[in-house]
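The values are calculated or read from the model by the stated rules, or taken from the named source; none is laboratory data. Just so we're clear, the structure is a prediction, and the values are computed from it rather than from any experiment. For neighbour counting, all protein chains shown are included, and Cβ atoms are generated from backbone atoms with ideal geometry for every residue, glycine included.
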Amino acid sequence: MGELRHIRGKGRAVGMALLLAFAFDLWGEPPASWHPVIWFGTLIRWLERFAPRGRLSQLLYGAAMPVIAAPLVCAPALLIQRLAVQARATCNNAFCGDLFYALLEGGALKPFFALRMLAEAGRAVRLPLERHNLPAARQALQSLVSRDRSQLSVELAAAAAIESLAENLSDSVVAPLLYYALFGLPGAALYRLCNTFDSMIGYRGRYEYLGKAAARLDDLLNWLPSRLSALLIIGCAPLFGGDRRRAWRIWRRDARKTASPNAGQPMAAMAGAIGIQLEKVGHYQLGDAERSPTPGDIRKAELMVWRVGLLALLLAMVVRIIGSYRDD
C-alpha cells in the first residue's frame, strides 16, 4: 500500500511540474540574462569564433560543435532534474516534497517552450491588419519570419503569419514537450540547443558548410514532432473553426511541397483546416485557392496554437506520468 502511494505521489509531482511550467509560461518569458536559450546562443557564437577556413574543415567543425556543446547543456539540466527528485525524496511532508519537485523541474522546463509568446506574435500581426495598418503588420512579422516583408500584401502578410504560427507550434511547443516527455529535462534542453544551432548557422550563404550538420540534425529531430503537430492540428480542427476532413486531405497532398522536409507538415494541415491557401511567392502554395487569408484566419491560428499547445502539454504529462510509474 505504501509503495502504491509512493508511485501515485510521483505521478502527482510530475503532473504538478508541467502545470507549473504552463503557469510560468502564462506569466511570461524569463529575462534575457536568465534565459537558457540566450545562453545557448552565446555558447554557439563563442564556438563559432574558432571555426576554421575551408569547406571540409568547416563541415567537420560544424558537425563537432553540437557534440562539444551538448554536455555543457545537458549536464545542468540533468543536475536540476536530480535535485528535484532528491528534494522530493528528502522532504518530510509529501505535499511540500511534490511542490519543491514541481518548482524545480517546472521552472527549468519553462524556457524550453513558448506557447504564450507564439500566440502573442500572431496577435501582434493580426491587430494592425484589422486596423488596416499594413506597414505595422509587416514590421510585426519580423518576430515570425525572415523573408522580405516590404512587398507583402494584406493577404500574403496574413498567410505568412499563419504559416509561421503552424510551423513554430511544432518547433517551439510540441517538439520540446515531446523530448521532455521522452527524455526529461536533458531531452528538452538538447532539442532546444540543436534548434538554436539551426536558427543561427543552419542556412545557406555564409554558413553553407559550417551549419550543414546543424541543419540536418534539426531536420532529423523535427521529423516526428512536425508530423505529430500536423495530426494534432487535424484532430483539433473543429476547436478553432476548422474542418478535420479537409485538413487531412490537404496535409496528405501538400505537406511535401516545401523545401524543408518538416515545415510543410503543420502548415499544410493548417491550410486545409481553415480552408485557405498559404503561399510563399516563388516557393510553394499549400491548400486550395478557395479564398485568401484574412485577419480573422490569423485569429483562428492563434486559437489553434493555444488548443493544440494545451493538448501537447496534456500528452506530455501523460507520457511522463506513465514513465514515472515504470521507473518504480
Yes/no for VAL308 being hydrophobic (A, V, I, L, M, F, W, C) and more than 19 Å from the chain's Cα centre (by Cα): no
Starting from residues that are surrounded by 18 or more Cβ atoms within 10 Å (Cβ to Cβ) and of a type in the set (Lys, Arg), keep the ones in segment 81-113 and report whichever is modelled with the lowest pLDDT. ARG88
Within segment 21-39, take every residue that is free of Cβ contacts under 8 Å to residues at least 12 places away in the same chain and not small (Gly, Ala, Ser) and give me the one that is surrounded by the fewest Cβ atoms within 10 Å (Cβ to Cβ). PRO31
Can you name the number of the only condition in (1) without any contact (Cβ under 8 Å) to a residue 12 or more places away in the chain; (2) within 16 Å of the chain's Cα centre (by Cα) that ARG206 fails? (2)
Among the candidates VAL145, VAL174, which residue alone is in a helix (DSSP H, G or I) and either free of Cβ contacts under 8 Å to residues at least 40 places away in the same chain or of a type in the set (A, V, I, L, M, F, W, C) (or both)? VAL174
Among the residues of segment 277-287, count how many are in contact with a Leu (Cβ under 9 Å, 6 or more places away or on another chain) and outside any strand (DSSP E or B). 3
Residue pairs within 7 Å by beta carbon, gap of at least six or interchain, first lying in segment 79-92 and over 9 Å from LEU104 (Cβ atoms), second surrounded by 13 or more Cβ atoms within 10 Å (Cβ to Cβ) and among the β-branched types (Val, Ile, Thr), listed first then second, are none
Please determine whether any residue of segment 87-100 is part of a helix (DSSP H, G or I) and touching a Phe, Trp or Tyr at 6+ places or on another chain (Cβ under 7 Å). yes
When residues of segment 57-72 are limited to those that are under 19 Å from GLY205 (Cα atoms) and touching a residue at least 60 places away in the same chain (Cβ under 8 Å), the one surrounded by the most Cβ atoms within 10 Å (Cβ to Cβ): GLY62
Taking ALA75 as meeting all but one of (1) at pLDDT 95 or above; (2) surrounded by 15 or more Cβ atoms within 10 Å (Cβ to Cβ); (3) out of contact with any Phe, Trp or Tyr (no Cβ under 7 Å at 6 or more places or on another chain); (4) not aromatic (Phe, Trp, Tyr), write down the number of the exception. (2)
Answer with yes or no whether GLU155 is in contact with a Ser or Thr (Cβ under 7 Å, 6 or more places away or on another chain), closer than 21 Å to VAL305 by Cα, assigned to a helix (DSSP H, G or I) and acidic (Asp, Glu). yes
Taking MET117 as meeting all but one of (1) under 22 Å from LEU313 (Cα atoms); (2) in contact with a helix residue (DSSP H, G or I) (Cβ under 7 Å, 6 or more places away or on another chain), write down the number of the exception. (2)
So which residues in segment 53-109 are among the charged types (D, E, K, R) and within 21 Å of TYR179 (Cβ to Cβ), if there are any at all? ARG82, GLU105
Suppose we keep only residues that are of a type in the set (D, E, K, R) and closer than 10 Å to ILE162 by Cα within segment 268-305. Which one would you say is surrounded by the most Cβ atoms within 10 Å (Cβ to Cβ)? ASP297
